[in-house]
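One structure is given below, encoded as structure tokens.
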Amino acid sequence: MWVTLALSCVTIVAIVFAVWELFETEFFRNADYITLHYLYVSRGIVSSLILAFWAAWFVVRERRSNEERLRRSREHYRGILESTPGAVVLCDRELRVWEWNAAAERLYGWSKNQVVGHPLPTVPASREAELKELLQRVEEGTPVLEVESQRKSKTETFDVQLSLIPFQELSGGSYFLEVTYDIRERIRLRERLLEIEKLTTMGHMATGTAHHLNTPLASMLLRVQMMRERAKEGTLAAELEQLETNMKFCQQFVRRLLDFSHRSNAEKQPESIGHAIECVVSFLNPQVLAKKVSLNTDLGTINGSLVLADRSQLEALFLILLSNSLDATSPGGHITIRGRTAVSQQIEIEITDDGCGIDNATMAHVFEPFFTTKPIGKGTGLGLAIASNIVRQHGGSIDLVSEPRKGTSALVRLPWHVRNTSAAG
């Protein structure tokens, strides 16, 4: 800029002097000394004024141009900063905030005006030592990228993924740029997957245990039956009969466990809806008795009706719904299973409990995979999602109606198998 200004000034002076010389030669060729003196002085004054105006205009123009470029650069910088999906926070060595983007406002709940110039408010007390260690690593030249940690908002502490980047100004100021992302859903998903893996392992263990128990149970049952035949009279016979009854119950339970662990070929065939519900009720009977819950079954006219379904999936559907009702019901509560015919050749099965119920906010998410209100280790959040998928695969529908503290009703509709239509009608 200064070179351009100097060259422009030299050019202007040369033009002014050349024009003045022509003017003097043309009109003041025979002028006296005093007149020539005033001409020379006026030429200098005019040249100075022109140069002054030119320089002022040139400098003002360049300044406005630089200010415009600076304004556009700042707008681009702000646009990039505000559109960044991660929460960006610029801090100095004392952790005083100097920059705070829109994503940080949304994530943490504090506005930019509330935090700029103040100490960083997002670090929990339990993570202060960790942050100091990370800052020390950055100062030593070691990058800190995508580290899982925790930050706090106005209302809660949550998991984040953070990166720390050194930021050096041309003036010499040293800052740290922290970029964080909310990873609560990722952590929740990872915990659910670990829980599913653990449950799968437990399922394999239960299957193996059932296989090992089945043989000695059958042997003991045979011996008890032989002993009861020999002891026809007396109290011993009654005690052996009771022991035989208990062992048969254990044997039936083991068989149900083996039936549920059996991997079917997922082929649909006519299945009795009543038999499927009976199998699930029998499987859950120990839990029902332990919790002292009253479980009533009233299938009415659909008892013996057939649906075209995969047996294991049909049993899994009712196992999920009954397990949820059992979990929601308090000791001494009631669960009712009702069956009835519906329009459009459909069978309706309604499972009703008087448990804790579901509020409207939770109801909007109950069929989403991995969504659960149960604590870690008590539920995977996949039950109702699987149940909904099973019903859709079989051409039916499922609806939940619930009210907090009054209970929940699950209504399953499945198509009637065509061979059973006339008989059931």
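Rank these for me by crowding, His118, His417, His275, going from fewest to most other beta carbons within 10 Å. Can you show the working numbers first?
On the way: His118 11, His417 21, His275 15.
Ascending number of Cβ neighbours within 10 Å: His118, His275, His417.
Using 1/(1 + (r/R0)^6) with R0 = 30 angstrom and r between the beta carbons of Asn285 and Lys406, what's the FRET efficiency to the nearest 0.05?
Calculated transfer efficiency: 0.70.
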- request: Return the Cα extents of the stretch 85-182 along principal axes one, two and three, sorted largest first, each rounded to a whole Å.
  value: 35, 27, 24
message: Using Cβ contacts closer than 10 Å as the measure, can you line up Phe367, Phe176 from fewest to most?
response: Phe367, Phe176
query: Residues with amide H under 5 Å of Gly355's amide H, sequence separation 5 or more or different chain, H placed in the peptide plane at 1.01 Å from N; which?
result: Gly407, Thr408
field: Residue-by-residue Karplus 3J(HN,Hα) for the stretch 111-124, coefficients 6.51, -1.76, 1.60, Hz, glycine and proline x
entry: 7, 4, 5, 6, 10, 4, x, 10, x, 4, x, 9, 8, x
Gain in span if fully extended, Ala364 to Arg74, counting 0.36 nm per residue against the direct Cα distance: 100.1 nm
statement: Calc'd 3J(HN,Hα), the stretch 307-319, phi into Karplus 6.51 cos²θ - 1.76 cosθ + 1.60 (θ = phi - 60°), Hz, glycine/Pro = x, comes to 10, 7, 8, 7, 4, 5, 6, 5, 5, 5, 4, 6, 5
query: Of Ile347, His417, His334, which is farthest on the positive side of the dipole of the stretch 269-425, counting Cα position, with +1 on Lys and Arg Cβ, -1 on Asp and Glu Cβ, and the Cα centre as origin?
result: His334
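Counting other beta carbons within 10 Å of each Cβ, put Ile187, Ile80, Ile347 in order, fewest first.
Numbers: Ile187 15, Ile80 11, Ile347 24.
By the 10 Å Cβ count, ascending: Ile80, Ile187, Ile347.
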Built amide H within the under 5 Å cut-off of Trp416, gap 5+: Gln346, Ile347
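Only the coordinates and a few stated rules stand behind these numbers; no lab work does. The structure displayed is predicted, hence computed values, not measured ones. Here Cβ is always computed from backbone atoms with ideal geometry, including for glycine, and neighbour counts include all displayed protein chains.
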